[in-house]
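Take a look at the structure set out below.
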Amino acid sequence: MSRKIRTRFAPSPTGPLHMGGVRTALYCYLFAKKNNGDFILRVEDTDQTRFVEGAEAYIFNCLAWCGLEPDESVLKPGEHAPYRQSERKAIYCQYAQQLIQDGHAYYAFDTPEVLDFHRKDHEANGKTFIYNWHNREKGRLVNSLVLTEEETKSKIEAGETYVIRFKSPQDETLHLKDIIRGDISIDTNVLDDKILFKSDGMPTYHLANIVDDHLMEITHVIRGEEWLSSTPHHVLLYRSLGWESQMPAFAHLPLILRPNGKGKLSKR
Ligand code: GLU
């Protein structure tokens, strides 16, 4: 039996809704409705530093004004509630732990100062610092891949700040499909080990987005092209979580640019 079509619009409440965002929501809505499916509105509010008071209500009102009424949302909870990511922290924690246990993620204790030093040091030599297989186990970075289990445990227990990183694979060509862009190949050696959990105990967009799209049974991810570069990480996350066979289809929409072509159309 084919799955019910489910799309989602997943804005972060970081300010007014962008024209490009409204268009993404419109496409998600139209695609769902054309296919007798559901259109879900999920609030991606895990980045506390970018939280803007009132932005969430503004987004809800904007969509209502446009007539894009979600089938499931914070205001109309369905079986996959809650629809606000800040209320789903325990769920993400569980999957981050699963990834660590299965060897797909690890704890990293490097301070922002140390990472900044490596970045500058690389820059000075005309290189770009990427935290991945190149250097994660070479001794200059401090993570659970180089520490013993006891050392890692005692650092965590001592209250040292850490993040959880995804262990991106080495020497692989990843093949992705995008409904708009077609077939895409990517060399995994250029991918960084994305942070899945931040030092403030909140998940990053990458982890929360994948977990929720899976649990909310999203079949089609329709979003702006700025997320295309994150898609290889997302595909790898699906694979590492054992969800590859239920992975949604991706459609990355071209951005709406300023009339002069320089940058995105401004929010104002
Ligand atoms: N929270 C992301 C945003 O603000 C969602 C991107 C996506 O649709 O995956 O655009």
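The values are calculated or read from the model by the stated rules, or taken from the named source; none is laboratory data. This is a predicted model, so every value here is computed, not measured. Glycine gets a Cβ as well: all are built from the backbone with ideal geometry, and neighbour counts include every protein chain shown.
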Tell me yes or no: at least one residue of region 32-52 is at pLDDT below 95, farther than 23 Å from L215 by Cβ and not hydrophobic (A, V, I, L, M, F, W, C). yes
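Pick from region 226-240 the residues that are farther than 18 Å from T46 by Cβ and more than 11 Å from the ligand (Cβ to nearest atom): which of them is surrounded by the fewest Cβ atoms within 10 Å (Cβ to Cβ)?
Among them, the one singled out is S229.
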Counting just the residues of region 198-211 that are out of contact with any strand residue (DSSP E or B) (no Cβ under 8 Å at 6 or more places or on another chain) and near the ligand (Cβ under 10 Å from one of its atoms), which one comes out farthest from S245 (Cα to Cα)? Y205
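Got a number for residues in region 79-90 being touching a residue at least 24 places away in the same chain (Cβ under 8 Å) and away from the ligand (no atom under 14 Å from the Cβ)?
Counting residues in region 79-90 that are touching a residue at least 24 places away in the same chain (Cβ under 8 Å) and away from the ligand (no atom under 14 Å from the Cβ) gives 2.
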Which of (1) aliphatic (A, V, I, L, M); (2) under 25 Å from F197 (Cα atoms); (3) surrounded by fewer than 22 Cβ atoms within 10 Å (Cβ to Cβ) is the odd one out, the single condition L41 does not satisfy? (3)
Out of I195, I184, sole residue that is away from the ligand (no atom under 14 Å from the Cβ) and touching a Ser or Thr at 6+ places or on another chain (Cβ under 6 Å): I195
Take the residues in region 1-53 that are of a type in the set (D, E, K, R) and in contact (Cβ under 8 Å) with a residue 60 or more places away in the chain; name whichever of them is nearest to the ligand (Cβ to nearest atom). E44
Applying the selection to region 139-171, what residues are among the charged types (D, E, K, R) and surrounded by 14 or more Cβ atoms within 10 Å (Cβ to Cβ)? K155, E160, R165, K167
Which numbered condition S245 misses (of (1) surrounded by fewer than 21 Cβ atoms within 10 Å (Cβ to Cβ); (2) in contact with a Lys or Arg (Cβ under 7 Å, 6 or more places away or on another chain); (3) in a helix (DSSP H, G or I)): (2)
K177 vs (1) at pLDDT 95 or above; (2) under 29 Å from Q94 (Cα atoms); (3) within 13 Å of the ligand (Cβ to nearest atom): all pass except (3)
Go through region 172-191 and count every residue that is β-branched (V, I, T), part of a strand (DSSP E or B) and surrounded by 12 or more Cβ atoms within 10 Å (Cβ to Cβ). 2
Need the failing condition index for L253 against (1) within 15 Å of the ligand (Cβ to nearest atom); (2) closer than 22 Å to A96 by Cβ, just the number. (2)
